[in-house]
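A short worksheet on the structure shown next.
The values are calculated or read from the model by the stated rules, or taken from the named source; none is laboratory data. Everything quoted here is computed from the prediction, not taken from an experiment. Quick reminder, even Gly has a Cβ in these numbers, built from the backbone with ideal geometry, and neighbours come from all protein chains shown. Just so you know, the surface numbers come from the protein's heavy atoms only, side chains and all, with ligands and any DNA or RNA stripped out. Shrake-Rupley method; radii C 1.70, N 1.55, O 1.52, S 1.80 Å.
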Amino acid sequence: MELKLKELAALVGGQFANEADGETPIRGAAAIAEAGEGDITFFGNSKYLPALKKCQASAALVPEDFADSAPPVLIRVANPSLAFSRILEQFVPEPERFAPGVHPTAVVGPNVELGEGVSIQPFVVVEEGVRIAARSVIGAHGYVGRSAQIGADCLLHARVTVGSRCSLGDRVVVQPGAVIGSDGFGFTFAEGRHVKIPQVGIVRVDDDVEIGANVTIDRARFGRTWIQTGTKIDNLVQIAHNVVVGKHCILVAQVGISGSVRLGNYVTLAGQVGVAGHLEIADQIVVGAQTGINKSLSARNTYMGYPAVPASEWREQVAQIHRLSRLIERVKRLEEALEKQVSGLPKESSQEQS
Amino acid sequence: MELKLKELAALVGGQFANEADGETPIRGAAAIAEAGEGDITFFGNSKYLPALKKCQASAALVPEDFADSAPPVLIRVANPSLAFSRILEQFVPEPERFAPGVHPTAVVGPNVELGEGVSIQPFVVVEEGVRIAARSVIGAHGYVGRSAQIGADCLLHARVTVGSRCSLGDRVVVQPGAVIGSDGFGFTFAEGRHVKIPQVGIVRVDDDVEIGANVTIDRARFGRTWIQTGTKIDNLVQIAHNVVVGKHCILVAQVGISGSVRLGNYVTLAGQVGVAGHLEIADQIVVGAQTGINKSLSARNTYMGYPAVPASEWREQVAQIHRLSRLIERVKRLEEALEKQVSGLPKESSQEQS
Amino acid sequence: MELKLKELAALVGGQFANEADGETPIRGAAAIAEAGEGDITFFGNSKYLPALKKCQASAALVPEDFADSAPPVLIRVANPSLAFSRILEQFVPEPERFAPGVHPTAVVGPNVELGEGVSIQPFVVVEEGVRIAARSVIGAHGYVGRSAQIGADCLLHARVTVGSRCSLGDRVVVQPGAVIGSDGFGFTFAEGRHVKIPQVGIVRVDDDVEIGANVTIDRARFGRTWIQTGTKIDNLVQIAHNVVVGKHCILVAQVGISGSVRLGNYVTLAGQVGVAGHLEIADQIVVGAQTGINKSLSARNTYMGYPAVPASEWREQVAQIHRLSRLIERVKRLEEALEKQVSGLPKESSQEQS
């Protein structure tokens, strides 16, 4: 997509602040800090003036009263942010469409039911007994195991694995490389070795769930690992066997959830959080990044730290730790003061080094 | 799989506690908290009574003296847990079998040796000089690099990468998306840039190892990265170049092990543990979740925290940090008491705010 | 590759320390701790004597004055380390070469431009409008989305995904399983559910970048997620939408970088570091393993802990926490001493348990 600068100026009713070549081709729209040659950006907050001064964009939308200068061609508009949004729409690419039908390279087993308008991309493997409902797309190199079920209007990007018998609801989006239905990590220790416990359950993913790139969701030992309606899972998250994630949860990247954990609805786990096995986390709880949860959490709150405590408590702990030097100093002075008073303090204590 | 309720009741010698439709179809068995319509569950522990009261299962096995009511059809049995195990067996699906032979879509290079009963699934690439022993399965979209060796009875699920010259023993199980033999992360810094150090070693995986979904194991700079017999590796674990993991270790999800680390035998690293480079961790050591190890550990113990300390010590530290407010309060009172005594304490100290 | 022991001895001008079979076949070279039968190793540091004493290598290079004994055949040389390097070269395999051309199984869309000597391996999918410059290799099962651009001399190992419109510079190396251009994790909350914000930007990767196995790099909401020249990214790293990583940075395994973060040049993030959204990290900053960064860092330094502080400060905090028991003991003695003086301390304080 490429537009001339004068076309974009006209679109938003803007005036060039200085002489400019209206024929300049603009190929993208980006934030000040990222914009480069061929991009248009916008300046709406004086905090970003230093960034604008060294900005490499070909053009920038500025407020009508902007009096300063900057490397990009400046276009004065009433509301730079709003104008930028309108320009942005010009550069939004058409969403990718995948033609319906089964690509000739795909391998589709017997007794497979494909709904109307389903798209099976190159090199996909669909095993025996799979059902895929209307308009769903299985991206290139996808693997759908025996008797798995996929609802309508799903978009599985390239290279997604759905294990045998697992089920996805409608409108589920899966980013590349995600694995749904790997074996749970279950072993029993006998005679000096770890013996595999069969993992014969499934993964069930409900409607409107999104699953990030290279995420792993293990199948249950028996029964199901269950991701409920509307939950969104970021990249590289690990969900172990028999976990139940409630509705409309947010699991940020690299979160790890151990076996049989149950999350309520509207739970948010920030990046790199870890949850130990068999715990329950109640509705609407928020957990800060990198927090380690080793007890069930029932009170609605924000939690931080390892072990997790309410965020206010964690912040107080952090502040106290940062002031430990001063506390130690105060204790030392107390000891010295008492020492001067010919106190009853034992000798070894007052000589102690901290 | 579908069975009638009366068939399951008969199987375990159970009696319906209330009037019930024995023709109700049961399609699965699940724990109380997960069971839904069409499932049978069991109630064996009074702790789960509240869960049973709102359980959506179609039926539940209860003890013979169970006198309460609950939504599912109740079936009285002598030992609900045992009865449940017998029912569970009815719903365990047959293990997936992969037909022996090379799928016509697979690309197999020259000088490849395939043992008896080997199964090469669709779209697999087996490069020149590979040897795969009897009955091993290479799942769809697998990639086996030049001169790699795979033992007997291995099961590589869909989409596994085994780099050139790497070797797997017998009965190795690899979950989808795992990468065995990516380049080690080795660079030397020269003239302002990082220059790649060739990573010409291999990964060697011994018998009975299991490797989780989307795990990454780097090849050695030279020599080998080595996973020894019986070790089990959970999803999304990172193992860097030249690491040696001993026998029968357990590496839980998202563990990261830096270059040239050596783990002894029977070591357990819980989820999200990180180990810095070139360290040694002795036999049978257990490391708690999210722990950061920056020194070698030789004493058999459980370790926690960052930097890692014995777990008892870590728990004491945590308790002390939780009580810091009280300690600060005590110091303040001491200061006030001394102040009252017209003590020798300098003024600025007693005014200090904590 | 296999060489006789006498050939290797001759190569480095070494003398057998004891009677030995010069015909012994040597198939590899490895460090003392890793070397097994068929390997040659070297001993250059007395610290490793215990390791040498139980070393299973077939041969070891030792200094000329080495007087001890060990299981391997010993070969005396002037400089064992140097001699080992020369021997190592004998065992370095030829780098893998991928024949130019498009494999007959690959699916290449319309309007694709392939430079001279490009190699498209089996089962690769190259969508419409892609441009790939001279001599680049797209490994087996690779996916290159619509209108993506790949520079010259790139090596994409097996199973790499490059999303639509994303661009890679020259000499970019990508390890297996990496996903470049998954959707950013962006949702807006409305009427009780998370609604997807279209992620229409791209990922731009500059020259000489290396990207590890199963790494995930999200495309920008708009504009670009940008990895600049010479940066090296280890396995399982997560880079969110609109992040800018400067030149020649090092991101060690399992690092997670939240949306819109900006790293300067020559930044090093050690393993499992997490960076919260919208922060800036200045040039040449080093961040220790597992550190959690929740504020922008501008002063060049090494940072540790959560929240991140300068490493020296973190080490002091750790030391103080390790000594908390002693501090508590000192406060208790002060309380007792004051108590003896018939002090003004309130009763409840001196009775308090810590």
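I need the shape label for the protein assembly as shown. Rule: rounded when a/c is under 1.5, else prolate if a/b > b/c, else oblate, with a, b, c from the alpha carbon gyration tensor.
The shape class here is rounded.
Please list log₁₀ I(q)/I(0) at q = 0.17, 0.18, 0.19, 0.21 Å⁻¹ for the stretch C:223-318, using the Debye equation with identical point scatterers on the alpha-carbon positions.
-0.62, -0.70, -0.78, -0.96
Once amide H atoms are built 1.01 Å from N in the peptide plane, which residues 5 or more positions from C:GLY256, or in another chain, come under 5 Å H to H?
Close amide H contacts, sequence-distant or interchain: C:GLN238, C:VAL273, C:GLY274, C:VAL275.
Can you run phi through the Karplus equation (6.51, -1.76, 1.60; θ = phi - 60°) for the stretch A:168-173 and list ³J(HN,Hα) in whole Hz, with x for Gly and Pro?
10, x, 8, 6, 7, 10
Any residues in the stretch B:254-270 that have 10 Å² or more less accessible area with all protein chains than in their chain alone, probe 1.4 Å, and which are they?
For the stretch B:254-270, once contacts with the other chains are taken into account, B:GLN254, B:GLY256, B:ARG262, B:TYR266 lose 10 Å² or more.
What is the Cα radius of gyration of the stretch A:148-245 over 2.2 N^0.38 Å, N being its residue count?
Rg over 2.2 N^0.38 Å, computed on Cα atoms: 1.08.
How big is the charge dipole of the stretch B:34-105 about its Cα centre, in debye rounded to the nearest 20, if each Lys and Arg gets +1 on its Cβ and each Asp and Glu gets -1 on its Cβ?
Rounded to the nearest 20 debye, it is 120 debye.
Once phi is turned into ³J(HN,Hα) by the Karplus curve 6.51 cos²θ - 1.76 cosθ + 1.60 with θ = phi - 60°, what whole-Hz value does each residue of the stretch B:112-123 show in order, with x for glycine and proline?
Ordered by residue, 3J(HN,Hα) equals 9, 10, 10, x, 4, x, 5, 10, 10, 7, x, 6 Hz.
If each of A:ARG193 and A:ASN45 carries a label point 7 Å out from its Cα toward its Cβ, how far apart are those two points in nm?
Simple spin-label model gives 6.0 nm for this pair.
With θ set to phi - 60°, apply the Karplus curve 6.51 cos²θ - 1.76 cosθ + 1.60 along the stretch C:277-286 and write out the HN-Hα couplings as whole Hz, x wherever there is a Gly or Pro.
x, 6, 8, 10, 10, 6, 3, 6, 6, 10
Quick one: P(r) of the stretch C:1-83 from all Cα-Cα pairs, 5 Å bins, percents rounded to integers, in order of increasing distance.
With a bin width of 5 Å, the distribution comes to 3, 17, 31, 29, 16, 3, 0.
What's the magnitude of the charge dipole for chain B around its Cα centre, counting Lys and Arg as +1 and Asp and Glu as -1 at the beta-carbon? Answer in Debye, nearest 20.
1080
With a sphere of radius 10 Å drawn around the Cβ of C:ALA213, what net charge do the other residues whose Cβ falls strictly inside it have (Lys, Arg +1; Asp, Glu -1)?
Computed value for this residue: -2.
Which one of C:SER81, C:SER147, C:SER258 has the biggest mean-square fluctuation once chain C is modelled by GNM with Cα springs under 10 Å?
C:SER81
Would you pull out the residues with amide H under 5 Å of A:VAL244's amide H, same chain only if 5 or more places away, H placed 1.01 Å from N?
Under 5 Å from the amide H of A:VAL244 lie the amide H atoms of A:TRP226, A:VAL261, A:ARG262, A:LEU263, each far enough along the sequence or on another chain.
Nearest 5 percent is fine: what portion of the DSSP beta bridges confined to the stretch B:105-233 is antiparallel?
Percent antiparallel among DSSP bridges in the stretch B:105-233 is about 10.
State, to one decimal in nm and shortest first, how far the label point of B:GLN90 sits from each corresponding label point in the other identical copies (label point: 7 angstrom along Cα-to-Cβ).
6.8, 6.8
For chain C, what proportion of DSSP beta bridges, expressed in % and rounded to the nearest 5, is antiparallel?
Percentage antiparallel, nearest 5: 15.
If the elastic network links every pair of Cα atoms under 10 Å, which of B:ALA106, B:ALA30, B:ALA319 fluctuates the most in the Gaussian network model of chain B?
B:ALA30
State log₁₀ I(q)/I(0) for the stretch A:66-215 at q = 0.20 Å⁻¹ as given by the Debye formula over alpha-carbon point scatterers of equal weight, solvent excluded.
Values, matching the q order: -1.14.
Where in the stretch A:225-250 does accessible area fall by at least 40 Å² between the isolated chain and the complete protein assembly, at a 1.4 Å probe radius?
Residues passing the criterion (a loss of at least 40 Å², heavy atoms only) are A:LYS232, A:ASP234, A:ASN235, A:LEU236, A:GLN238, A:HIS248, A:ILE250.
Below 8 Å between Cα atoms, with a sequence gap of 6+, how large is the relative contact order for chain B in percent?
With pairs under 8 Å counted, the relative contact order is 6 percent.
If you take every DSSP beta bridge fully contained in the stretch C:3-88, what fraction is antiparallel? Give it as a percent rounded to 5.
Percent antiparallel among DSSP bridges in the stretch C:3-88 is about 30.
Return the single residue from A:ALA299, A:ALA57, A:ALA213 with maximal mean-square fluctuation; model: Gaussian network over chain A, springs between Cα atoms under 10 Å.
Of A:ALA299, A:ALA57, A:ALA213, the Gaussian network model singles out A:ALA57 as fluctuating most.
What is the magnitude of the charge dipole of the protein assembly as shown about its Cα centre, with +1 placed on the Cβ of each Lys and Arg, -1 on the Cβ of each Asp and Glu, and no other charges, expressed in debye to the nearest 20?
1700
In Å and whole numbers, how far do the C-alpha atoms of the stretch C:101-312 stretch along each principal axis, longest first?
Principal extents (Cα only, largest first): 58, 44, 22 Å.
Could you compute the FRET efficiency for A:GLU94 and A:GLN56, with r as their C-beta to C-beta distance and R0 at 30 Å, rounded to 0.05?
Computed FRET efficiency for A:GLU94 and A:GLN56 comes out at 0.60.
What quantity of accessible surface, computed with a 1.4 Å probe and excluding non-protein components, is buried in total between chains B and C, in Å² to the nearest 100?
In total, this chain pair buries about 5500 Å².
So, counting K/R as plus one and D/E as minus one, what does the shell of residues with Cβ under 14 Å around C:LEU263 add up to?
0
Over the stretch B:101-312, average the accessible area per residue using a 1.4 Å probe and give it in Å², no decimals.
Ligands and nucleic acids excluded, the figure is 30 Å² per residue.
Carbon and sulfur together cover what percent of the accessible area of the protein assembly as shown at a 1.4 Å probe radius?
Carbon with sulfur: 48 percent of the solvent-accessible area.
Which links in B:LYS247/C:LYS54; C:LYS196/C:LYS232; A:LYS332/C:LYS295; A:LYS247/B:LYS232; A:LYS295/B:LYS247 stretch past 27 Å when you go from one Cα to the other?
From B:LYS247/C:LYS54; C:LYS196/C:LYS232; A:LYS332/C:LYS295; A:LYS247/B:LYS232; A:LYS295/B:LYS247, over 27 Å: C:LYS196/C:LYS232; A:LYS332/C:LYS295; A:LYS247/B:LYS232; A:LYS295/B:LYS247.
Filter the GluC sites (Glu not before Pro) in the stretch C:29-91 to those in DSSP coil with at most 13 other Cβ atoms within 10 Å of their Cβ, and list the result.
Sparse-neighbourhood loop GluC sites (Glu not before Pro): C:GLU37, C:GLU64.
How would chain A be classified by its alpha-carbon gyration tensor: rounded, prolate or oblate, with rounded meaning a/c under 1.5 and the a/b versus b/c comparison settling the rest?
oblate
For the stretch B:198-252, rounded, prolate or oblate, judged on the Cα gyration tensor with a ≥ b ≥ c (square roots of eigenvalues), a/c < 1.5 rounded, else prolate if a/b > b/c?
Oblate shape, in that a/c is at least 1.5 and b/c is the bigger or equal ratio.
Quick one: if you stick a label point 7 Å off each Cα along the C-beta vector at A:ALA319 and A:GLU37, how many nm between them?
5.2
Defining the label point at 7 Å along Cα→Cβ, can you sort the distances from C:SER46 to the same site in each other copy, shortest first, in nm?
7.0, 7.0
Choose one of C:CYS249, C:VAL261, C:PRO104: the residue whose Cα lies farthest towards the positive end of the charge dipole of the stretch C:101-312 (beta-carbon charges +1 Lys, Arg; -1 Asp, Glu; about the Cα centre).
It is C:VAL261, whose Cα lies furthest towards the positive end.
If each label sits 7 angstrom from Cα along the C-beta direction, how far apart, in nm, is C:ALA190 from its counterparts in the other copies?
5.6, 5.6
Can you give me the long-range amide H partners of C:VAL108? Hydrogens built in the peptide plane at 1.01 Å from N, cutoff under 5 Å, separation of 5 or more residues or another chain.
C:VAL126
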